[in-house]
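Notes follow the structure.
None of the figures in this text is laboratory data; all of them are computed from the coordinates on show. Since we're looking at a predicted model, the values are computed, not measured. Virtual Cβ from ideal backbone geometry, glycine too; neighbours counted across all protein chains shown.
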Amino acid sequence: MVTRQPLTSAFGAVPLGQKPNTSVSFFNPNQVAPISYQYNLGIQREVARDLLVEVGYIGNVSHHLTANDLSLNQVPPQL
């Protein structure tokens, strides 16, 4: 498990003699891209003079969504 640094005013600052740890160049090639589809359907019909009926439906389908704390630049701990 990887823990994050606290987001304080010193975030990103590196103590003297330590290596920087916030500029990472790594991308997981096996990461599945998240997909989200939104759709809607609306039907209107006039059933009598001055009387309109309207029906609507909206939907959302999503796959492979990640947690909101996923960083694509996160280096695996073993590296």
Per the rule of 0.36 nm per residue minus the C-alpha distance, extending residue 66 to residue 40 adds in nm 6.9 nm
Could you give the length gained on full extension between residue 3 and residue 16, defined as 0.36 nm per residue of separation minus the Cα-Cα distance, in nm? 2.5 nm
Taking R0 as 22 Å and r as the Cβ-Cβ distance between residue 30 and residue 58, the FRET efficiency 1/(1 + (r/R0)^6), rounded to the nearest 0.05, comes to 0.10
